Amino acid sequence: MCGIIGYTGHLDALKVLLQGLEQLEYRGYDSAGIALLSGKGDDKFLIKKAGPVATLKDACEKLDVESHCGIGHTRWATHGGVNDTNAHPHIAGKVTLIHNGIIENYHNIIEKFGFRDSLVSETDTEVAARLLDYYYSKDPYEAIRKTIREITGSYAFCIMFEDIHDKIFCVRNVSPMVAAHMKDGSFVASDVTAVIPYTNRYFVIPEYQIVTLTKEEIFVQDLEGHPVSPEILEVNWNIEAAQKNGFPHYMLKEIHEQPEALRNTITPRLKDGLPDFSEDGIPDEVLAECEKISIVACGTAMYAGMVGKALIEPIIKIPVSVNIASEFRYESPLVDEKTLVLIVSQSGETIDTLAALRLSKECGAKVLSIVNVKGSTIARESDYVFYTHAGPEIAVASTKAYMVQLASLYLIGCRMAMIRGKFTENTARDFISRLSGASTAVEKILEHKEQIKTAASVVAKAKDAFFVGRGLDYAFSLEGSLKLKEISYIHAEAYAAGELKHGTIALIEENTPVVALATQDHIYGKTISNIREVRARGAFVILITKTGAEIPEDICDIHFAVPMSHDRFTVFPVAAILQLLAYYTSDMKGLNVDKPRNLAKSVTVE
Ligand code: AGP
């Protein structure tokens, strides 16, 4: 995600842009920039800096220009490192552009139009700017129409043309963008957060329609030039609420962002329905030649690794270990040049995980990291990086980052299976098709929150809770348990369902909540037997199965059926249920969901 803002009117454009970027910084904060049209001749001013908006503000201190038209951008890097050159806005000839989204076919465009030698950045956005300039000869609408016909992917573009004063042109597909006009001028932004200080009336820019902002008005037209009148909306949020997009907590907002995060992480790695990592710079031999895999991470990232192990090991049939980073770094790990170390980290700054990475490289292993924050320390020190595209995750409790870590491990497992001959192309295509269905399955869960709230109302009264499952379900239960305890402060444990009777079942009392995961066909019966054992001791059972599973009489108090038919892919909707269960439990207890006690978002201390 990135934050974009544009303004043209009677106010000081620089001031409006900088204030707007500060409010949009939660959308991305690794670099920021602004571009201004002076209104006198063709002068334009561009300042862009790696670092937070505060760095940009300092750099603008010396800027002495009167401008009432400009665009601004705060970046969450997807293509290209974090530096001044890759920061937005990007200039190509007469075009100045800022962008939120992912241009999937930018490499093809570079080759098709011969842009390679003229590019100065590593970004897909600059390629779009070059294409706009390529097509621009006095008619901005023609240039925009031709450009969006060439590109595929998601975009929210704000465009200025050097010789068209005081006007800003916008067009979007998938990525969000809103616009508003009031007495002081016209605004465009990624979301209402940046507009609220000026007006509470706005409209969502319709997809594939060209919006023109002038000082006096905003007009919208379709690609054939026909005028369009979008619905005007009113918002009564304050700025903080707007940064949460109207959700009461960042965590709930980020849970709802998961379908988009999954699509943004999976889609750019697919070519003709098969996994392709060429744009990530991960050579096949890295996945083909290793004799074992060591997954190393902390917390939720480590639990994503547990799911990765449970998925990959039976398919690839090489040893896959999951190692707690803080333990790994003080062991003598069995890691050598034949080991692929898979580092998983949302922040890319977790000190234990970073230390484990460095130890792995000392042992001669190749390190491939799955990271959400572009240019983070772990990313920079890895041999290869598989970036997730979840956008900034603000809540301490990780949700969308976990979801896209899973998707990344599934993609890597599928690619590895293909190149090692464990998957035929058809099998791989089917696997990817099911993986691509994860976002829809999560969306379906998000439509059934009321039932999850009911389960949370029971869990909120408990002092202990248990999550049980077998196989992949056991791996899923680990994260469910962590989510609950870290934000509700209820003691929770995940247990292999078959292991309960070897001691832990002694803790089951009347109404002890037990979340039982039974989505794996081949061990469904065994898991049901284990559930009967806790039921017989008075447990309050919350059962999660696949849709269509045969549910024995009186086996549970609440039943959720997940809309994923294949065992391997149930983790995505199951994770959403368990995240919402933890969220509503914490909220019902009146706790600080986004900032739970004792915790920090990124653990950069040992
Ligand atoms: C997850 O809900 C926790 N906030 C925590 O366990 C986190 O996953 C862990 O600290 C690892 O962080 P990282 O992914 O940024 O390395």
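The values are calculated or read from the model by the stated rules, or taken from the named source; none is laboratory data. Quantities reported herein were computed from a predicted structural model and do not represent experimental measurements. Here Cβ is always computed from backbone atoms with ideal geometry, including for glycine, and neighbour counts include all displayed protein chains.
Structure data summary
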item: All positions within the stretch 285-305 that are more than 10 Å from the ligand (Cβ to nearest atom) and among the hydroxyl-bearing types (Ser, Thr, Tyr); result: SER294
item: Among the candidates LYS400, LYS374, LYS309, residue that is under 14 Å from the mean Cα position of the chain (by Cα) and either within 20 Å of PHE569 (Cβ to Cβ) or near the ligand (Cβ under 9 Å from one of its atoms) (or both); result: LYS400
item: For ASN598: the one exception among (1) within 15 Å of the ligand (Cβ to nearest atom); (2) touching a residue at least 40 places away in the same chain (Cβ under 8 Å); (3) closer than 21 Å to SER481 by Cβ; result: (2)
item: The stretch 78-118: number of residues that are closer than 27 Å to ASP166 by Cα and either among the acidic types (Asp, Glu) or free of Cβ contacts under 8 Å to residues at least 24 places away in the same chain (or both); result: 1
item: Conditions (1) touching a Leu at 6+ places or on another chain (Cβ under 8 Å); (2) surrounded by fewer than 17 Cβ atoms within 10 Å (Cβ to Cβ); number of the one not met by GLU66; result: (1)
item: Some residue of the stretch 196-204 being at negative phi, surrounded by 18 or more Cβ atoms within 10 Å (Cβ to Cβ) and part of a strand (DSSP E or B); result: yes
item: Per-region count, the stretch 561-585, residues of a type in the set (S, T, N, Q) and within 12 Å of the ligand (Cβ to nearest atom); result: 1
item: Output for the stretch 69-86, where each listed residue is assigned to a loop (DSSP other than H, G, I, E, B), of a type outside the set (Ser, Thr, Tyr) and buried (at least 18 other Cβ atoms within 10 Å of the Cβ); result: TRP76, ALA77, HIS79, GLY80, VAL82, ASN86
item: Flag for GLY375 being surrounded by 24 or more Cβ atoms within 10 Å (Cβ to Cβ) and of a type in the set (Gly, Ala, Ser); result: no
item: Restricting the stretch 50-63 to residues that are in contact (Cβ under 8 Å) with a residue 24 or more places away in the chain and farther than 26 Å from HIS165 by Cβ, the residue that is surrounded by the fewest Cβ atoms within 10 Å (Cβ to Cβ); result: PRO52
item: Filter result (within 27 Å of the chain's Cα centre (by Cα) and part of a loop (DSSP other than H, G, I, E, B)) within the stretch 87-101; result: ALA87, HIS88, PRO89
item: Residue count for the stretch 208-225, restricted to those that are surrounded by fewer than 13 Cβ atoms within 10 Å (Cβ to Cβ) and over 13 Å from ARG145 (Cβ atoms); result: 2
item: Helices (runs of 4 or more DSSP H) contained entirely in the stretch 412-478, each with at least 2 residues that are under 15 Å from PHE569 (Cα atoms) and free of Cβ contacts under 8 Å to residues at least 24 places away in the same chain; result: 425-436
item: Complete set of residues in the stretch 578-595 that are in contact (Cβ under 8 Å) with a residue 24 or more places away in the chain and surrounded by fewer than 24 Cβ atoms within 10 Å (Cβ to Cβ); result: TYR584, ASP587, MET588, LYS589, LEU591, VAL593, ASP594, LYS595
item: Verdict on ILE324 being more than 10 Å from the ligand (Cβ to nearest atom), of a type in the set (A, V, I, L, M), crowded, with 18+ Cβ neighbours inside 10 Å and under 26 Å from THR265 (Cβ atoms); result: no
item: Answer from LEU517, LEU482 - the residue that is in a strand (DSSP E or B) and either of a type outside the set (S, T, N, Q) or closer than 20 Å to GLY308 by Cα (or both); result: LEU517
item: Checklist (1) assigned to a helix (DSSP H, G or I); (2) over 29 Å from GLY413 (Cβ atoms) applied to GLU509, failing item; result: (1)
item: The stretch 111-134, residues that are part of a helix (DSSP H, G or I) and surrounded by fewer than 19 Cβ atoms within 10 Å (Cβ to Cβ); result: GLU111, LYS112, PHE113, ARG116, ASP117, SER118
item: Boolean, GLU217 is within 23 Å of ALA128 (Cβ to Cβ) and among the charged types (D, E, K, R); result: no
item: GLU289 being of a type outside the set (Ser, Thr, Tyr) and either closer than 28 Å to ALA576 by Cβ or buried (at least 21 other Cβ atoms within 10 Å of the Cβ) (or both); result: no
item: Among residues of the stretch 333-348, those that are surrounded by 24 or more Cβ atoms within 10 Å (Cβ to Cβ) and within 16 Å of the ligand (Cβ to nearest atom), counted; result: 7
item: Selection within the stretch 2-28 - in a helix (DSSP H, G or I) and aromatic (Phe, Trp, Tyr); result: TYR26
item: From ALA241, ALA261, residue being among the aliphatic types (A, V, I, L, M), surrounded by fewer than 20 Cβ atoms within 10 Å (Cβ to Cβ) and not in a strand (DSSP E or B); result: ALA241
item: Boolean, SER376 is modelled with pLDDT of 95 or more and in contact with an Asp or Glu (Cβ under 9 Å, 6 or more places away or on another chain); result: no
item: Condition check for GLU443: out of contact with any Cys (no Cβ under 6 Å at 6 or more places or on another chain), more than 16 Å from the ligand (Cβ to nearest atom), at pLDDT 95 or above and under 24 Å from TYR250 (Cβ atoms); result: yes
item: Any hit, the stretch 520-533, residues being more than 16 Å from the ligand (Cβ to nearest atom) and touching an Asp or Glu at 6+ places or on another chain (Cβ under 6 Å); result: yes
